Amino acid sequence: MTSDAAPAQPVVRLEDDDFRLLGLPPRQALDLAELARRWKALQAQVHPDRFASAGAAAQRLAMQWALRVNEAYQRLRQPLSRAAYLCQLHGVPLDAERNTAMPVAFLMQQMAWREALEAATTAQAVATLASEVQAHQRAMLATLDQLIDQRQDWPAAAAQVRALMFVARFSEDLCDRQDRLDAASVLPY
C-alpha cells in the first residue's frame, strides 16, 4: 500500500544557525567532505521535487527549505564567509565597509605586493608573486583557525577576516594580470 502523504519536514528549523541546520559543530576548521555529505543528505530531504504532489503550501515550504540549506552550505564551505559568520554569531560583525583599519606592517606588505605586481612583466614573475601571496594567505588562514577555534578571540578574528579580504582581492588582481599576460602571449594564426 502506497501513501500519498507528503514527506516529513526535517526536525531543524529555518531559524537555526547554519551549523545547527547542517548538524555540524560551530568551528572554523570544518571537514569539507562531511559538510558536503550533510548538505546533500539534507537537500535530499527537502528538495521541492519530493513535495510535487503535496500541494502548493508544502511546495513553497520545501522551496524555502532548499534555499535555506543551500545558503548555509555556500556560507560554510568558504573559509572567509564561514569565519565572518562565526564572528557575527558571537556578536562581532565584520563591518568591512566602514572598518578598514589595518596594522601598518600589513599595509606595508600590501604596498610591496602591489609594487611587485606593477613590475611583473612576465608570467613567471606573476606566478612567483602568486606563490608568495598564497603562502601568506595559508598562514593567515591557519591563524584565523586558532583565533576562532582555540582562543575564541572574536575581535581579532574579525580583523583577520578583513585582512584576508584584502589578500583575496589582491589574489584576484594577480589572476587578472596572469590572464592578460597569457592572452598577450597567444600568437594569432
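Since every read-out is calculated from the coordinates, none of them should be taken as a lab result. Since the model is a prediction, treat every value here as computed from it, not as a measurement. Methodologically, a virtual Cβ is constructed for each residue, glycine included, from the backbone with ideal geometry; neighbour enumeration extends over all protein chains shown.
Got a sec? Charge dipole of the chain, +1 on Cβ for Lys and Arg, -1 for Asp and Glu; which of 29, 64, 157 is way out at the positive end? Checking the options against the dipole of the chain, the answer is 64.
Normalising the average separation of contacting C-alpha pairs (under 8 angstrom, six or more residues apart) by the number of residues puts the relative contact order of the chain at 22 percent. For the chain, the Cβ-based charge dipole about the Cα centre amounts to some 400 debye (Lys, Arg positive; Asp, Glu negative; other atoms uncharged). Its Cα centre serving as origin, the stretch 104-184 has a Cβ charge dipole (Lys and Arg +1, Asp and Glu -1) of approximately 140 debye. Computed from Cα positions, the angle between helix 32-46 and the longest principal axis of the chain comes to roughly 30 degrees.
Helix 123-145 sits at what angle to the longest principal axis of the chain, using alpha carbons and giving 0 to 90 degrees rounded to 10? For helix 123-145, the angle is close to 50 degrees.
Model label sites at residue 111 and residue 123, defined 7 Å from Cα along the beta-carbon direction, differ in position by 3.3 nm.
Note on residue 49 and residue 172: the model spin-label points, each 7 Å out from Cα along the C-beta direction, lie 3.3 nm apart.
Kindly state, to the nearest 0.05, the FRET efficiency for residue 64 paired with residue 142, given R0 = 45 Å and r defined as their beta-carbon distance.
0.75
The smallest convex shape that holds all Cα atoms of the stretch 104-184, its convex hull, gives 74 Å³ per residue. Between helix 104-119 and the chain, what is the angle of the helix's C-alpha long axis to the longest principal axis, kept within 0 to 90° and rounded to the nearest 10? Once rounded, the angle reads 70 degrees. Reported to the nearest whole Å, the Cα centre-to-centre distance from the stretch 62-136 to the stretch 168-183 is 15. Backbone phi angles across the stretch 85-101, fed through the Karplus curve with coefficients 6.51, -1.76 and 1.60 (θ = phi - 60°), yield HN-Hα couplings of 5, 4, 4, 4, 4, 9, x, 10, x, 5, 6, 5, 5, 9, 9, 10, 5 Hz in residue order; Gly and Pro are listed as x.
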